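The next block holds one structure in the form of structure tokens; read it before the comments.
Just so it is clear, none of the values below were taken in a lab; they were calculated from the coordinates. These figures come from a predicted structure and were not determined experimentally. Positions of Cβ are backbone-derived with ideal geometry, glycine not excepted, and every protein chain shown enters the neighbour counts.
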Number of protein chains: 2
Amino acid sequence: MSVTSDNGDNPDAGCLSGVRILDLTQFEAGPSCTEALAWLGAEVVKVENPTGGDPGRGAFALPGGLDSWYFLLFNASKKSVTVNLKDPRGVELVKDMARSADVVIENFAPGAIERLGLGYDVMRAVNPSIIYAQVKGFGDGSPYENNLAFDMIAQACGGVMSITGEADGPPLKPGATLGDTGTGMLLAISILGALYRRKGTGKGERLQLAMQDAMLHYIRVAFATQASFGKAAPRAGAKLLSGSNPPCGIYPCKPGGPNDYVYIYTSRANPLHWQRLLELIGREDLIGDPHYATGPVRAEREEEIDVMIAAWTRQHDKHEAMRLVGAAGIPAGAVLDTEELQNDPSFAARGIMQTMAHPTNGDFKMPGWPVRHDGATPALAPAPLLGEHAEDVFGRWLNLDSAAVDKLREDGVI
Amino acid sequence: MSVTSDNGDNPDAGCLSGVRILDLTQFEAGPSCTEALAWLGAEVVKVENPTGGDPGRGAFALPGGLDSWYFLLFNASKKSVTVNLKDPRGVELVKDMARSADVVIENFAPGAIERLGLGYDVMRAVNPSIIYAQVKGFGDGSPYENNLAFDMIAQACGGVMSITGEADGPPLKPGATLGDTGTGMLLAISILGALYRRKGTGKGERLQLAMQDAMLHYIRVAFATQASFGKAAPRAGAKLLSGSNPPCGIYPCKPGGPNDYVYIYTSRANPLHWQRLLELIGREDLIGDPHYATGPVRAEREEEIDVMIAAWTRQHDKHEAMRLVGAAGIPAGAVLDTEELQNDPSFAARGIMQTMAHPTNGDFKMPGWPVRHDGATPALAPAPLLGEHAEDVFGRWLNLDSAAVDKLREDGVI
């Protein structure tokens, strides 16, 4: 399946062929959302500031003014036009684009889109069928509705940090950018739902998602713990918030580097996991021993059991440990780092990592959309250069010829 | 917007009104996906084992045989029928249901659905327009394609744990269940894309997602770090993997409890954040001081700066600190725990937390779908009791009358 929709009406171009997304987002929460839609075949047009564009291009800047890796990661398979939104003609241009778009999406600071004259009421008047989607840090009606937010703020205020860290240590921020990409994925789901209904009815819709609110969706197991114990879910290191069915956790492997660990999980639902593990580590003597027979009794000697497992895992590297424990029918996983994942040939062979052929940055191997559609993941197209698609998009969307586009450029409108 | 689709054809029942999902999933990765679709208005019918049903019902079991909170959280707004898949008549019943379904989804252990006689080839033969979606731990073609996986295994093998934890400590598991719900959300996006295309074309599709592969999508900022430094992204506690623009991180507040911290972030892109913070904490003397003027020079004295900020934050509780720092125009967020979130009236007032009126468990306040559609989040309906909807679903989907359903029950087929 290809996701490049050069003319917006190629029936083989993916699930969302012909769908036009007017993308006013920047950084990650919004761009991760529209990138997913681009990978499914929508034509996503980024509208960027003529002076520098999406600030994500310059965040974690590379030498020579190249776009950042961060930008490439979150803007693959999109198009770019520049529009000066401080010029009233620029604002009119965006409204003209909204007339032929299916979806408009923005994640500016609170109040900014309205100040630009591109708020929901304006856009709905221009195009009553528009799906108008917004990401903010905090929800309308929240005490913090006017506050700025970034990924880490959402993870702090949305409970994620409170349940991440060692039991006796401070809260930590997970490395995953749940506040941004996690939010973007939930908004993508609602946009797709709205598109589905609109296809039959022509009904437009306003969608709003706050990053803080989105976090609750990802920590619902902690709310189960909260409900069970009637108090705040704790931090549990690498173990489970709900209490473990020991052994469960990470165990050190040789040669002892920072990520040389294997996760081993023995399930409450399958008592054979424990028995199989005893056989594997050569402790058949404990099979059936009532001091170790059930999860609750093992919980009383968890530390002792962890030491016993670690004595075995230390004799193996993490890959071997994962193979041996997994082959014995016990869930296990090596702790893999980004370098190992980046270089693992399985991801490229299976289309999970793909190489973006970028015109200035060169080849960049990165994770694409991980879902296989009829056996293959969507093909990755490059992230756009700033304003690269002006003639293409203004031509097809607005019927402007290249002289008209040149004039807009000369006038500083784009 | 209501999400209960009692007859499957109510035009006011949400974005996915009329869409039928045959749901063979259990635990969290699959159920989180189908629950999102239910919240958008699809009719989701869980097909469960007559003896106990989805094992998630009994995981973290409650006294008296009640369904677990965990089950309620991931199965709101769905229906339930029981089918004995070890009986050939049960397998035929599911194939009959697939004839009138739009989507089939499963997350059994590798190979199990094929052994049941309900693999993709079988289902496609029954219904060529079916969207057939699968979650596995590892992808087809991965060295671990036959391994079991759970949330924590995916987080270990998908890089998430390697970037979570203190810089000098072991890898940790984020409290958020990215391996499960994070996977479920990506599959929901692809299902919705496939539904959108199918609405025009009738084209069925096979969708496959591995939990390990899904993790890469959520740690792409770490892949930017990997690309920049050419080595594995590190762990960074509560700070940023990419290196901070100090000050950035959590700072202790009074009264010093385990979650009494405020996150403060001064952005690289906005040098005013630092200046405003100095004014707030009464250190105007440092404004313009070249030893503190830029991110790079502050990075050299990050520890000293953190001590300076903490001296101020310790004088405030986290809510006050968030208010004061936020009001000064600096991104800030209190670290909130599940108890605070559960009891915060703002979430209920805004429809983010809703109360499920469950027939046996009673009222249960839980997070629902956080996206507002035209101003309101979808209303929450209860998670189903085991087999609750047999007459309803077999009646409407298969035209079976209640005598026929009784017979199936007597025969042990359902």
Next item on the list: List B:VAL122, B:VAL160 from most exposed to least, where exposure is judged by having the fewest other Cβ atoms within 10 Å.
Entry: B:VAL122, B:VAL160
Item checked: Packing-based exposure ordering (other Cβ within 10 Å, fewest first) of A:HIS319, A:HIS373 -> A:HIS319, A:HIS373
Next item on the list: Extending each Cα 7 Å along its Cβ direction at B:ARG89 and A:LYS407, get the distance between those two points in nm, one decimal.
Entry: 7.7 nm
Check: At what distance in angstrom do the alpha carbon centres of the stretch B:266-319 and the stretch B:165-181 lie from each other?
Finding: 29 Å
Margin query: Around A:HIS217, under 13 Å between beta carbons, what's the net of Lys plus Arg minus Asp minus Glu among the other residues?
Written below: -3
Check: What angle, in degrees between 0 and 90 and rounded to the nearest 10, separates the Cα long axis of helix B:302-313 from the longest principal axis of the Cα atoms of chain B?
Finding: 80 degrees
Margin query: If a paramagnetic tag sat 7 Å from the Cα of A:ASP96 along the Cα-Cβ line, which residues of the stretch A:127-165 would have the backbone N under 14 Å from that point?
Written below: none
Item checked: Whole-angstrom gap from the stretch A:224-257 to the stretch A:355-414, using each part's C-alpha centre -> 44 Å
Check: When all C-alpha to C-alpha distances in the stretch A:12-101 are sorted into bins of 5 Å, what percent of pairs does each bin hold, rounded to whole numbers?
Finding: 3, 15, 23, 22, 18, 12, 6, 1
Item checked: Separation between Cα centres of the stretch A:125-158 and the stretch B:94-159, rounded to whole Å -> 35 Å
Checklist line | Antiparallel content of DSSP bridges confined to chain B, in %, to 5 | finding: 40 percent
Note to self: Just the number: Rg to Rh for the stretch A:22-157, Cα atoms, Kirkwood Rh, two decimals.
What the structure shows: 0.96
Notebook entry, point to check: Summing +1 for each Lys or Arg and -1 for each Asp or Glu, what net charge is found among the other residues whose Cβ lies under 15 Å from the Cβ of B:PRO271?
Noted result: +1
Note to self: Let me see the P(r) profile for chain B: every Cα-Cα distance counted, bins of 20 Å, each bin given as a percent of all pairs.
What the structure shows: 23, 48, 24, 5, 0
Next item on the list: Determine the calculated [θ] at 222 nm for chain B from helices alone, applying -39500 (n - 2.57) to every DSSP H run no shorter than 4 residues and normalising by the residue count; nearest 500 deg cm²/dmol.
Entry: -10000 deg cm²/dmol
Notebook entry, point to check: Under 16 Å Cα-Cα from B:LYS95, which lysines qualify once same-chain neighbours fewer than 8 residues away are excluded?
Noted result: B:LYS46, B:LYS86
Note to self: Could you tell me the calculated FRET efficiency between B:HIS319 and A:LEU66, based on Cβ-Cβ distance and R0 = 56 angstrom, to the nearest 0.05?
What the structure shows: 0.85
Check: Tell me, what HN-Hα J-couplings in whole Hz come from the Karplus equation 6.51 cos²θ - 1.76 cosθ + 1.60 at θ = phi - 60° for each residue of the stretch A:397-410, using x for Gly and Pro?
Finding: 7, 10, 6, 8, 8, 5, 5, 5, 5, 4, 4, 4, 5, 4
Checklist line | Placed amide H near B:HIS358: partners under 5 Å, 5+ positions off or other chain | finding: B:ASP363, B:PHE364
Checklist line | HN-Hα J in Hz across the stretch B:239-250 - Karplus 6.51, -1.76, 1.60, θ = phi - 60°, x for Gly and Pro | finding: 8, 8, 4, 7, x, 8, 10, x, x, 7, x, 9
Check: If you count, for each residue, the other Cβ atoms within 10 Å and average over each peptide, how do A:209-216, B:142-149 line up from highest to lowest?
Finding: A:209-216, B:142-149
Check: When a footprinting reagent is the concern and you count Cβ atoms within 10 Å, what order do B:LEU40, B:LEU73 take, fewest first?
Finding: B:LEU73, B:LEU40
Notebook entry, point to check: Using a Förster distance of 41 Å, how high is the FRET efficiency between A:ALA348 and A:LEU272, based on the Cβ-Cβ distance and rounded to 0.05?
Noted result: 0.70
Checklist line | Computed label-point distance, nm, for sites A:GLU304 and A:LYS254 using a 7 Å Cα→Cβ extension | finding: 2.8 nm
Notebook entry, point to check: Which whole-number percent is the relative contact order of chain B (Cα, under 8 Å, 6+ apart)?
Noted result: 18 percent
Check: Could you give the length gained on full extension between B:THR360 and B:ASN399, defined as 0.36 nm per residue of separation minus the Cα-Cα distance, in nm?
Finding: 11.1 nm
Notebook entry, point to check: By how many degrees, between 0 and 90 and to the nearest 10, does the Cα long axis of helix B:220-229 differ from the longest principal axis of chain B?
Noted result: 50 degrees
Checklist line | C-alpha long axis of helix B:29-39 to longest principal axis of chain B, angle in ° | finding: 80 degrees
Note to self: Lysine pairs in the stretch A:148-302 with Cα distance under 25 Å, only those 8 or more apart or on different chains: how many are there?
What the structure shows: 4
Next item on the list: Would you mind calculating the relative contact order of the stretch B:1-141 from Cα pairs under 8 angstrom and at least 6 residues apart, reporting the percent as a whole number?
Entry: 23 percent
Next item on the list: Quick one: which residues, 5 or more positions from A:ALA334 or on another chain, have an amide H under 5 Å from its amide H? H modelled 1.01 Å from N in the peptide plane, none for Pro or chain starts.
Entry: A:TYR263
Next item on the list: Count the DSSP beta bridges whose two residues both fall in the stretch B:123-273, then state the antiparallel fraction as a percent rounded to the nearest 5.
Entry: 45 percent
